[in-house]
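Written below as structure tokens is the structure these notes are about.
The values are calculated or read from the model by the stated rules, or taken from the named source; none is laboratory data. Just so we're clear, the structure is a prediction, and the values are computed from it rather than from any experiment. No Cβ is skipped: glycine too gets one built from the backbone with ideal geometry, and neighbour counts run over all protein chains shown. To get the accessible areas, we keep the full protein, side chains included, count just its heavy atoms, and leave off ligands, DNA and RNA. Shrake-Rupley method; radii C 1.70, N 1.55, O 1.52, S 1.80 Å.
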Amino acid sequence: MTNQLLLLPGDGIGPEVMAEVERVLDVLVARHGLQVSVETALFGGASFDIDGVPISEATISKAKAADGVLMGAVGGPAWANVPRDLRPEMGLLRLRKAMDVYANLRPALCFPALADASGLKRALVEGLDIVFVRELTGGVYFGTPRGIETLPDGTRRGFDNQVYTTDEIVRVARVAFELARKRSNKVTSLEKSNVMESGLLWRQEVTALHASDYPDVELEHMYADNAAMQLVRAPRQFDVLLTDNLFGDVLSDLAAACTGSIGLLPSAALGDAGKPGLYEPIHGSAPDIAGRGLANPIAAILSLEMMLRWSLQETQLADLLAQAVTHALDSGARTADLGGSLPTTEMGKAIVAAL
Ligand code: IPM
Ligand code: MG
């Protein structure tokens, strides 16, 4: 069966890292029996420049019809003054919402060869293997009302709205509990129920779901600020971390830094079973290094690995690709973010050679 893949390179370093994904895909097809047909579409600022919107309706339809969607990155200073609803980031939020990919799996894994690349001591990060399950289609990212209004005295007021419903919490919590059962069987749920009503609801709904459906899984609740501290103090205490859209955004960047570089970490945004997933490296478009061959393609290549695993059911190929990345790092391949000097293309070739 031929799987339909949609690639969305996007902006900044997106096209550079996506070129390495394609290099890997070519080898998986030519040498390892993968059957895919690949289509590429404009996304983010690149789409705005041509189509006037950060994602076109045609691309959204293609994404919903694909077996898997893989993106590079969106955004950059070139679009800083574009109206908010047309900004590159809005294309990504629209795509996540349209695909209804509400559960974002963000693993933070410390590769053995990189245990000294982290700003944290080796003793803290060696063997680190945790995964965030970030709620991705709700919360303050989408809540209304939101806006900036001018007050009678001429000053202004900006407001956003953090909203969660039972269903939104339960469906993402279910993903976290199911994932925990395949791992070390522990979920830590993060919110600020001491301050926020939506956080209190979050805690209550997670507690109720745990009691009714997942009593065999260890459940711990933690305030999100404490979790930030614990992630730097003793990150290995965690297994699966379940949290909302905004805390998940912030804390997954923090967890990435614990592993050595944000250029290493992939993610998988999943919806209901049978629906296509959206795979995103968690790094951004990195305009400061874009176009210079400095980007680390590993986060994007491992996003392909997650797609093979979660959307295409190609577990063996996913394992093979993960091993190839580990092998390339073991043999000393390092891009600039890891203190090395390999260009993006050479890192891609090192992984292909290991494959
Ligand atoms: C991420 C990014 C996005 C987010 C931006 C680019 C909209 O930071 O995927 O973590 O905030 O979700
Ligand atoms: Mg982010």
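Confirm whether T188 is closer than 19 Å to N245 by Cα, in contact with a helix residue (DSSP H, G or I) (Cβ under 8 Å, 6 or more places away or on another chain) and open to solvent by 50 Å² or more (accessible area, probe 1.4 Å).
no
Remark: L28 falls outside the filter, which requires a residue to be at pLDDT 95 or above, more than 19 Å from the chain's Cα centre (by Cα), in a loop (DSSP other than H, G, I, E, B) and surrounded by 20 or more Cβ atoms within 10 Å (Cβ to Cβ). Just one residue in the set D253, D225, D244, D288 is out of contact with any Phe, Trp or Tyr (no Cβ under 8 Å at 6 or more places or on another chain), within 16 Å of ligand 1 (Cβ to nearest atom), among the charged types (D, E, K, R) and not assigned by TED's automatic domain parsing to the domain that holds A78; that residue is D253.
The set of residues in the range 99-148 being within 17 Å of L254 (Cβ to Cβ), assigned to a loop (DSSP other than H, G, I, E, B) and touching a residue at least 40 places away in the same chain (Cβ under 8 Å) consists of C110, A117, S118, G119, L120, L128. Does the range 73-85 contain at least one residue that is without any contact (Cβ under 8 Å) to a residue 12 or more places away in the chain, out of contact with any helix residue (DSSP H, G or I) (no Cβ under 6 Å at 6 or more places or on another chain) and assigned to a helix (DSSP H, G or I)? Yes, the conditions are met somewhere in the range 73-85. Given the structure, is G68 at pLDDT 95 or above, buried (at least 19 other Cβ atoms within 10 Å of the Cβ) and either closer than 23 Å to L342 by Cβ or not assigned by TED's automatic domain parsing to the domain that holds M306 (or both)? Answer is no for this residue. Considering D288, D249, D244, the condition of being of a type in the set (D, E, K, R), open to solvent by 30 Å² or more (accessible area, probe 1.4 Å) and over 11 Å from the mean Cα position of the chain (by Cα) is satisfied by D288 alone.
Name the residues in the range 1-11 that are in contact with a helix residue (DSSP H, G or I) (Cβ under 9 Å, 6 or more places away or on another chain) and open to solvent by 30 Å² or more (accessible area, probe 1.4 Å), would you? Hit for the range 1-11 is Q4, nothing else. Whether a residue is touching a residue at least 40 places away in the same chain (Cβ under 8 Å), within 24 Å of K97 (Cβ to Cβ) and open to solvent by less than 50 Å² (accessible area, probe 1.4 Å) was assessed, and P235 does not pass this test.
Let me confirm something: among R146, R183, which residue is open to solvent by 20 Å² or more (accessible area, probe 1.4 Å) and either modelled with pLDDT under 95 or over 18 Å from P107 (Cβ atoms) (or both)?
After applying the criteria, what remains is R146.
For the range 82-89, the criterion of being modelled with pLDDT of 95 or more, open to solvent by 40 Å² or more (accessible area, probe 1.4 Å) and within 20 Å of Q162 (Cβ to Cβ) is satisfied by at least one residue. Might you let me know whether the range 248-260 holds any residue that is outside any helix (DSSP H, G or I) and more than 16 Å from ligand 2 (Cβ to nearest atom)? Yes, the range 248-260 contains a residue that is outside any helix (DSSP H, G or I) and more than 16 Å from ligand 2 (Cβ to nearest atom).
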